Amino acid sequence: MSPTSTEPKPTAANPASNAECPPCLAVVMPAYNEENSIDRIVALVLEQRPVQELIIVDDCSRDGTWKRLEAWTTRDSRVRAFRHEVNQGKGAALRTGLSKATAPYAIIQDADLEYDPREYHVILGPLITDRADVVFGSRFAGGPRRVLYYWHSVGNKVLTTLSNIFTNLWLTDMETCYKAFRREVIPKLHLKENRFGFEPEITAKVARLGVRVFEVPISYYGRTYAEGKKIGWKDGFSAIRCIVKYNVFD
């Protein structure tokens with residue numbers, strides 16, 4: 001389905017690893033029914049010095065998300081908004097957004113305020129200093145985080161370990177939202193998954209490319225289900241399927 005186009009918390013940053021850069025980053029943000037948080041996250045993203053463009057894909061929201069995005073496109077020329085006419089899932093929204101990126105580097109940003117854009121310089125550090133081609137931001141590598149669901153963390157560790165067994169990467173957080181790439185890596189990934197299977201798929205394909213992968217600590221402020229968290233136990237089984245599929249059969 002072709003999209004319609006309209007063309008707070010403490011940081012985990014280690015000052016020694018900070019990398020300053022001029023605007024060089026495409027922020028790709030999927031959004032679905034995020035009317036309550038979209039203005040805050042967009043404003044926070046645009047405050048960050050490295051941001052060259054913010055590409056937001058509304059996956060057919062049923063609330064006022066799209067109307068707010070249209071307003072942002074007239075307010076700041078760095079914002080480009082696209083809308084799926086049918087809900088397709090986070091993976092499909094990211095595929096649309098990543099295909100529009102023109103900046104030297106791209107990062108995935110959720111619209112729900114769980115991940116802090118003030119840490120972009122931490123993620124970008126290994127890319128800008130030419131030590132990495134892909135960077136994962138880990139919620140389990142020592143950064144501050146809101147304490148919530150124990151079984152979610154167990155599930156994440158199981159999925160990450162299973163993924164590591166197949167990919168031979170030593171990651172602590174395969175399911176993290178914060179994944180950043182050199183732009184030239186993106187078209188080589190040939191992404192297919194429409195929903196939350198995107199994370200194990202992209203990890204498997206990054207490993208297969210043999211590019212340089214870094215992991216850095218980030219902070220995390222998770223939402224409760226009452227606050228709008230969407231991922232559930234069924235997505236865990238889907239992730240296992242995708243780990244096997246994209247490491248063995250694809």
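No lab work stands behind these numbers, since they all come straight from the coordinates. Everything numeric here is computed off the predicted structure, so don't read it as measured data.
Taking only Cα atoms of segment 20-61, what ratio of Rg to Rh do you get with Rh as the Kirkwood inverse-distance radius?
On the way: Rg = 11.3 Å, Rh = 11.0 Å.
Rg/Rh: 1.03.
From the cross-link list K67/K234; K90/K234; K100/K157; K67/K192; K90/K179; K157/K188, which pairs have alpha carbons spaced over 22 Å apart? Each step should come with its number before you reach the end.
Working: K67/K234 31 Å; K90/K234 15 Å; K100/K157 32 Å; K67/K192 28 Å; K90/K179 14 Å; K157/K188 27 Å.
Listed pairs above 22 Å: K67/K234; K100/K157; K67/K192; K157/K188.
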